[in-house]
Amino acid sequence: ELYELMHASRMEIDSIEYVQLQGWIRTNRCSGKLGFIELNDGTYFRNAQLVYTQDLKNFAEVEKYPTGAAITVTGKLVLTPEGKQPFELQVTEAVLEGDCDRDYPLQKKRHSFEYMREIPHLRPRANSFYAIFRLRSVLSMAIHEFFQDQGFVYVHTPVITGNDAEGAGETFTVTTRDDAEYEKDFFGKHASLTVSGQLHVEAFAMAFRDVYTFGPTFRAENSNTTRHASEFWMIEPEIAFADLEDDMNLIEDMIKYCINYCLENAPEEMKFFEKMIDKECIKRITAVRDSEFKRMTYSEAIELLKKADVKFENNNIEWGMDLQSEHERYLCEKVVNGPVFLTDYPKDIKAFYMRLNDDNKTVAACDLLVPGVGELVGGSQREERYDVLEARMKEMGMESESLQWYMDLRRFGGCKHAGFGLGFDRMLMYLSGMQNIRDVEPFPRTPKNLVF
Ligand code: 4AD
Ligand code: MG
């Protein structure tokens, strides 16, 4: 495979007699006597350079192999110390495995990302997407290794659930019909797609202490931004005997670990992003890996926003308001110029499960804001006191019946605990500099976008 060959030593290459490669043609140029094919075999970001001559018995056909076609080639490796690639393959045999029709959309010219969103079944073959989808896979492994190395247990929380974990009413109902009865269509009960695995993973933290879930989540919010999708992946750890401070330390450690892991395990892809997508990306994330994250309270942030010498679209800055993305971006991009934790938000703009602070006005919550993306992580210490939680739910007008199981966790050995949710797709945007969440998801689902 190309990946192995590209990482082999000169001596190893020299000692190989013949190799076989299989893959897809990126380009095929032929001068009549001598031809060059750039082949991507799927194992590596870079292409193999194939050289063929009239010695090839099917030269006349090979010369016409189109971009996009799938082929198998056999040949001899020749070291090319002068060239772009460490070696080229002199083809002795070429077989066409799958021809490619001439209306194949991915010809040499660059297409807009908007256009590529209309062909999600083909776009993984284009460089930007090839790079981002490999990074997606590498980042998944980074997350698992980070947690597994520390003994966290991976929990598969359900996708179909009876609870709206965030209490924000942004759920998709699970149904097989479209009549008025659909509300109770899960065999007579109401069910929806999960917006967060948090409540379920909390139950497991009370048995395994340190746990995480990592899977798809769904939000029915009708927001058409570059950072919101209807379906996205979220990493949600939950740690027992831990407070907000421990939670923030875990967030910071995890992000730094992931940055380092991606730089080490996807170097070609990261170099590509630096060259083609965001010139600062490697410098930016390396600096983040090597510095301490800033922290400030929501109240401090409000004071800074009041004093800001910019005009916000929403300029009514007052304590208690929900920060808009323009405010968040001002804080991380202009004030801090890097990641910043905002903590201790007013309870009225946060979810019911967050632990009430002693001031009775704020909760032990943290959001991590990062330049270019805005909110990357939302976390909190959880309310472990039964009466306080019950009172809070009443105050918010929540019916507690379907959440009795969750409240019971507080009656049966419930302890201090905390956790967070990191938006996996936003993390990919942050690492690569890609500007739109639709371009880091294999088959994006947004209110105005459902191709296949
Ligand atoms: O802040 P959120 O809503 O927090 C929770 O769901 C908690 N239950 C997490 C927890 O404590 N276990 O979402 C967490 C993160 C956000 O910071 C954001 O990065 C991402 O999930 N996110 C989205 N990403 C893409 N599209 C959307 N519509 C998103 N909504 C949230
Ligand atoms: Mg949030």
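Limited to the range 335-370, what total is found for residues that are basic (Lys, Arg) and either modelled with pLDDT under 95 or within 14 Å of ligand 2 (Cβ to nearest atom) (or both)? Working first, answer last.
So the first thing to find is which residues in the range 335-370 are basic (Lys, Arg), and the list is 347, 350, 355, 361.
Subsequent filtering for residues that are either modelled with pLDDT under 95 or within 14 Å of ligand 2 (Cβ to nearest atom) (or both) retains 350.
Here the count works out to 1.
Quick check: anything in the range 250-261 of a type in the set (A, V, I, L, M, F, W, C), surrounded by fewer than 20 Cβ atoms within 10 Å (Cβ to Cβ) and outside any loop (DSSP other than H, G, I, E, B)? Spell out how you get there, then give the answer.
To start, the set of residues in the range 250-261 that are of a type in the set (A, V, I, L, M, F, W, C) comprises 250-251, 254-255, 258-259.
Narrowing further to those that are surrounded by fewer than 20 Cβ atoms within 10 Å (Cβ to Cβ): none.
Scanning the range 250-261, I find no residue that is of a type in the set (A, V, I, L, M, F, W, C), surrounded by fewer than 20 Cβ atoms within 10 Å (Cβ to Cβ) and outside any loop (DSSP other than H, G, I, E, B), so the answer is no.
On the basis of being surrounded by 19 or more Cβ atoms within 10 Å (Cβ to Cβ), assigned by TED's automatic domain parsing to the domain that holds Pro216, touching a strand residue (DSSP E or B) at 6+ places or on another chain (Cβ under 8 Å) and of a type outside the set (Lys, Arg), does Ile71 make the cut?
no
Across the range 120-139, which residue is surrounded by the most Cβ atoms within 10 Å (Cβ to Cβ) among those that are out of contact with any helix residue (DSSP H, G or I) (no Cβ under 6 Å at 6 or more places or on another chain) and free of Cβ contacts under 8 Å to residues at least 24 places away in the same chain?
The residue in question is Ala126.
Quick one: in the range 388-420, of everything that is among the small types (Gly, Ala, Ser) and surrounded by fewer than 22 Cβ atoms within 10 Å (Cβ to Cβ), which residue is nearest to Gly197 (Cα to Cα)? Quick ask: steps written out before the conclusion?
Applying the first criterion (among the small types (Gly, Ala, Ser)) to the range 388-420 yields 391, 397, 400, 402, 413-414, 418-419.
Then drop every residue that is not surrounded by fewer than 22 Cβ atoms within 10 Å (Cβ to Cβ), which leaves 391, 397, 400, 402, 413-414.
Values: Ala391: 23, Gly397: 22, Ser400: 18, Ser402: 16, Gly413: 21, Gly414: 18 Å.
It comes out as Ser402.
Can you pull out every residue in the range 88-130 that is small (Gly, Ala, Ser) and closer than 15 Å to Arg26 by Cα? If you could, list the steps in order and put the result at the bottom.
Kept after step one, since they are small (Gly, Ala, Ser), are these residues of the range 88-130: 94, 98, 112, 126, 128.
Gly98, Ala126, Ser128 - these are the residues of the range 88-130 that are small (Gly, Ala, Ser) and closer than 15 Å to Arg26 by Cα.
State the number of residues belonging to the range 22-40 that are buried (at least 18 other Cβ atoms within 10 Å of the Cβ) and in contact with a Gly (Cβ under 8 Å, 6 or more places away or on another chain).
6
Within the range 223-246, does at least one residue satisfy the condition of being within 15 Å of the chain's Cα centre (by Cα), of a type in the set (Gly, Ala, Ser) and closer than 22 Å to Met6 by Cα?
First pass over the range 223-246, keeping only residues within 15 Å of the chain's Cα centre (by Cα): 226-236.
Filter once more, so that each one left must be of a type in the set (Gly, Ala, Ser): 229-230.
In the following step, the residues that additionally are closer than 22 Å to Met6 by Cα were identified as none.
Scanning the range 223-246 turns up no residue that is within 15 Å of the chain's Cα centre (by Cα), of a type in the set (Gly, Ala, Ser) and closer than 22 Å to Met6 by Cα.
Check every one of the helices (runs of 4 or more DSSP H) wholly within the range 1-114 and list those with 3 or more residues that are in contact (Cβ under 8 Å) with a residue 12 or more places away in the chain and of a type in the set (Phe, Trp, Tyr). Before the answer, list the steps.
On the way: elements: 2-6, 10-15, 59-62.
Ranges flagged: none.
Consider the range 210-227. How many of its residues are crowded, with 18+ Cβ neighbours inside 10 Å and either within 8 Å of ligand 1 (Cβ to nearest atom) or on the phi > 0 side of the Ramachandran plot (or both)?
Just the residues of the range 210-227 that are crowded, with 18+ Cβ neighbours inside 10 Å, to begin with: 210-214, 217-219, 227.
Filter once more, keeping what is either within 8 Å of ligand 1 (Cβ to nearest atom) or on the phi > 0 side of the Ramachandran plot (or both): 217, 219, 227.
The total comes to 3.
Restricting to the range 371-393, and then to whatever is among the aliphatic types (A, V, I, L, M) and within 11 Å of ligand 1 (Cβ to nearest atom), can you tell me which residue is modelled with the lowest pLDDT? I'd like the intermediate steps shown before the answer.
Step one: of the range 371-393, the residues among the aliphatic types (A, V, I, L, M) are 373, 376-377, 388-389, 391, 393.
When the remaining residues are screened for being within 11 Å of ligand 1 (Cβ to nearest atom), the result is 373, 376-377.
Numbers: Val373: 94, Leu376: 97, Val377: 98.
Out of the qualifying residues, it is Val373.
So is Ala142 touching a residue at least 12 places away in the same chain (Cβ under 8 Å) and not assigned by TED's automatic domain parsing to the domain that holds Ser402 or not? Spell out the reasoning first.
Values: touching a residue at least 12 places away in the same chain (Cβ under 8 Å): yes; not assigned by TED's automatic domain parsing to the domain that holds Ser402: no.
No, not satisfied.
What number of residues within the range 64-102 satisfy the criterion of being at pLDDT 95 or above and touching a helix residue (DSSP H, G or I) at 6+ places or on another chain (Cβ under 8 Å)?
Qualifying residue count for the region: 4.
Here are some conditions: (1) in a loop (DSSP other than H, G, I, E, B); (2) within 20 Å of the chain's Cα centre (by Cα). Val310 meets all but one. Which one does it not meet?
The single condition Val310 does not satisfy is (2).
Return yes or no: is Asp359 closer than 29 Å to Ala207 by Cα and free of Cβ contacts under 8 Å to residues at least 12 places away in the same chain?
Numbers: closer than 29 Å to Ala207 by Cα: no; free of Cβ contacts under 8 Å to residues at least 12 places away in the same chain: yes.
No, not satisfied.
Give me a count of the residues in the range 194-209 that are buried (at least 16 other Cβ atoms within 10 Å of the Cβ) and either within 16 Å of ligand 2 (Cβ to nearest atom) or among the aliphatic types (A, V, I, L, M) (or both).
10
Quick check on this structure: which one of Gly433, Gly421, Gly414 is within 16 Å of ligand 1 (Cβ to nearest atom) and in contact (Cβ under 8 Å) with a residue 60 or more places away in the chain?
Selected residue: Gly421, the only one of Gly433, Gly421, Gly414 that is within 16 Å of ligand 1 (Cβ to nearest atom) and in contact (Cβ under 8 Å) with a residue 60 or more places away in the chain.
Within the set of pairs 6 or more residues apart or between chains, which connect a residue that is within 22 Å of Gly421 (Cα to Cα) and within 16 Å of ligand 2 (Cβ to nearest atom) inside the range 377-403 to a residue that is assigned to a helix (DSSP H, G or I) and of a type outside the set (Gly, Ala, Ser) with Cβ atoms less than 6 Å apart?
Partner pairs satisfying both residue conditions: Val377/Ile251; Gly379/Asp247; Gln381/Leu244.
Out of Glu236, Glu269, report the one residue that is of a type in the set (D, E, K, R), surrounded by 14 or more Cβ atoms within 10 Å (Cβ to Cβ) and not in a helix (DSSP H, G or I). Outline the logic, then answer.
Numbers: Glu269 fails: not in a helix (DSSP H, G or I).
Matching residue, one of Glu236, Glu269: Glu236.
Among the residues of the range 85-118, which ones are within 33 Å of the chain's Cα centre (by Cα), exposed (fewer than 14 other Cβ atoms within 10 Å of the Cβ) and within 28 Å of His7 (Cα to Cα)?
Lys108
So which residues in the range 394-452 are among the hydroxyl-bearing types (Ser, Thr, Tyr) and at pLDDT below 95, if there are any at all?
In the first step, residues of the range 394-452 are kept if they are among the hydroxyl-bearing types (Ser, Thr, Tyr); the result is 400, 402, 406, 430, 432, 446.
Across the range 394-452, the qualifying residues are Ser400, Ser402, Thr446.
The values are calculated or read from the model by the stated rules, or taken from the named source; none is laboratory data. This is a predicted model, so every value here is computed, not measured. Methodologically, a virtual Cβ is constructed for each residue, glycine included, from the backbone with ideal geometry; neighbour enumeration extends over all protein chains shown.
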